[in-house]
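The values are calculated or read from the model by the stated rules, or taken from the named source; none is laboratory data. As the structure is a prediction and not an experimental result, all values here were calculated from the model. Methodologically, a virtual Cβ is constructed for each residue, glycine included, from the backbone with ideal geometry; neighbour enumeration extends over all protein chains shown. Just the protein is used for accessible areas: all its heavy atoms, side chains included, with ligands, DNA and RNA removed. Shrake-Rupley method; radii C 1.70, N 1.55, O 1.52, S 1.80 Å.
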Amino acid sequence: MIRFRRRRRTTLLRQNRVQKLEDSNMLPSTLKVSTDLTENEKLFRDIFHHCSDVVFRPIQIHEQAHLLLIYVDGLIDSKILDEVVLKPIMFQGMPQGLGDITQLGQIVKDQLIAIAQTTMVSTVKEAVQGIVSGNIAILAKSENNVLLADLKGWAARSIEEPSSEPAIRGPREGFTEALRTNTSLLRRKIKSPRLKMEPLRIGEITQTDVVITYIEGIVNESVLDEVRKRVKRIQIDGVLESGYIEEFIEDAPFSPFPTIQNTERPDVVAANLLEGKVAILTDGTPFVLLVPFTFYAGLQAAEDYYERFMYMTMIRWIRFLLFNAALFLPSLYVAITVFHPEMMPQSLLISFAAARETSPFPTAVEAFLMEITFEALREAGVRLPKPVGSAVSIVGALVIGQAAVSAGIVSASVVIVVSGTGIASFAIPRYNLGLAYRLLRFPLLILAGTLGLFGVAMGFLTILLHLTSLRSFGVPYLSPLSPHVGRGVKDTLWRAPRWMLQVLPRLIAGKDIVRVPKGQKPDPER
């Protein structure tokens, strides 16, 4: 009777504890698994109440329920479950001559199921976390441990070419939403034990898996320690995309310029890891974060290193020109035509004046309205379905632009300038850096419309001072030009041949900075 009362009191205490867990939505790490299988089943059923996708599968051995399987339907491979777990246990049975079974879970782990990744846990929190992560929890009678068997098998998107970073020459594979697929893509490119992957979990509710990746010896240890510290101190209810992490660890959250690079190309991540950078992979998203990030790295495309250096140097210079045009072209047009018409040739000035004769708005207002219209068309083209979005963005720009000029609302020269600015902005390889320039065009337009070239010069100096003050995990944003690092210029303003890029960026890499040994210049006479 006393034993029965103690057992009932223990059961009531555990039920009250579960109710408190439901109220607080947290599981303490001190709650242990009981040796009573029936009590454990009640506990887990209370934890997973109203969870229709959680399956409880009891298995009878010797006409008694000795095992209990708990898993989430849809997160595990049901075919492997039937072939590897259920069939050996139910048909092969237990080894003969055991008599009283006292270590049933260990026997199942060592002799019955053929699964590579299995873990024994003793707390309820570890068991629950394993179940919701795609493992099968196997509970045995008279044991206070839970066997977690890895049978993850949910539906995932196949490896495809990344749509946000297309390349004419280079790999056609991109990251997916599956974390282990992404880590395997990196392992295929960097086949070295020096490639390290440190796992973390962020999010009190989502418990999102995050991996910090780097190459030992090449990475800067101070940068790596700073990444670990910033990521580990994140406290949030859930992480659904790498952008959640980016906002917590970036250096200048109120700056329009990004200090963290994101990409969905494995070759870009592998190349940056070889330069000493740190990658942050997040489960559930194909976008990987790379730190530190510099201004000139945002102007480099993946295929810059796959074609011959002389071609890509010319394209990089054109990209620099378009980069400046995307920021300053509308404001320069407004400042010159309104405040400094003497700077234009007479024939061009007469042409602009004739085009603006029917326009009722000032030049600055025209440019501002056309910029907003262009951004609206671009956003509509992105948000609409692909077959409709491309038609809306192209046809809408043609129809609206032609109709606005014919109606005399805006001048043709403004339409040409704004369209050229939009085309120039598409040449920026990094989308987040292009967003910064799209945002800064509007204050520059206001300065140009009120102060002329003096306002444009003020805006340019303000942007330049801001860029020189930015840091990305301790690395200057304008490096290697400011501060000047001689050898780093070989891969900034121009793309030197591969055999000339002998050392890694000194401000980013760690101790091992030698990339190409001396004497690797090609010899035409050989």
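ALA301: more than 15 Å from the chain's Cα centre (by Cα), under 16 Å from ALA509 (Cα atoms) and among the small types (Gly, Ala, Ser), yes or no? Answer is no for this residue.
Out of the residues in the stretch 126-144 that are out of contact with any Lys or Arg (no Cβ under 9 Å at 6 or more places or on another chain) and either acidic (Asp, Glu) or open to solvent by 60 Å² or more (accessible area, probe 1.4 Å) (or both), which is nearest to SER52 (Cα to Cα)? Here the answer is VAL132.
From the list ILE260, ILE218, the lone residue that is within 26 Å of ASP491 (Cβ to Cβ) and within 15 Å of the chain's Cα centre (by Cα) is ILE260.
Taken over the stretch 437-488, the criterion of being over 30 Å from GLU221 (Cβ atoms) and open to solvent by less than 20 Å² (accessible area, probe 1.4 Å) is satisfied by TYR437, ARG441, LEU444, LEU445, ALA448, GLY452, GLY455, VAL456, GLY459.
No other residue among LEU273, LEU289 is surrounded by fewer than 24 Cβ atoms within 10 Å (Cβ to Cβ) and touching a residue at least 12 places away in the same chain (Cβ under 8 Å) apart from LEU273. For the stretch 164-185, the criterion of being more than 19 Å from ALA271 (Cβ to Cβ), open to solvent by 90 Å² or more (accessible area, probe 1.4 Å) and of a type in the set (S, T, N, Q) is satisfied by no residue at all.
Here is a yes/no grid of residues against (1) under 27 Å from PRO505 (Cα atoms); (2) surrounded by fewer than 15 Cβ atoms within 10 Å (Cβ to Cβ); (3) touching a strand residue (DSSP E or B) at 6+ places or on another chain (Cβ under 8 Å):
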{"residue": "LYS191", "(1), (2), (3)": "yes, yes, no"}
{"residue": "MET197", "(1), (2), (3)": "yes, yes, yes"}
{"residue": "GLU204", "(1), (2), (3)": "no, yes, no"}
{"residue": "ASP209", "(1), (2), (3)": "no, no, yes"}
{"residue": "ARG230", "(1), (2), (3)": "yes, no, no"}
{"residue": "VAL239", "(1), (2), (3)": "no, no, yes"}
{"residue": "ILE245", "(1), (2), (3)": "yes, no, yes"}
{"residue": "PHE257", "(1), (2), (3)": "yes, no, no"}
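Residue count for the stretch 133-157 satisfying the condition of being hydroxyl-bearing (Ser, Thr, Tyr) and either within 14 Å of LEU68 (Cβ to Cβ) or modelled with pLDDT under 85 (or both): 1.
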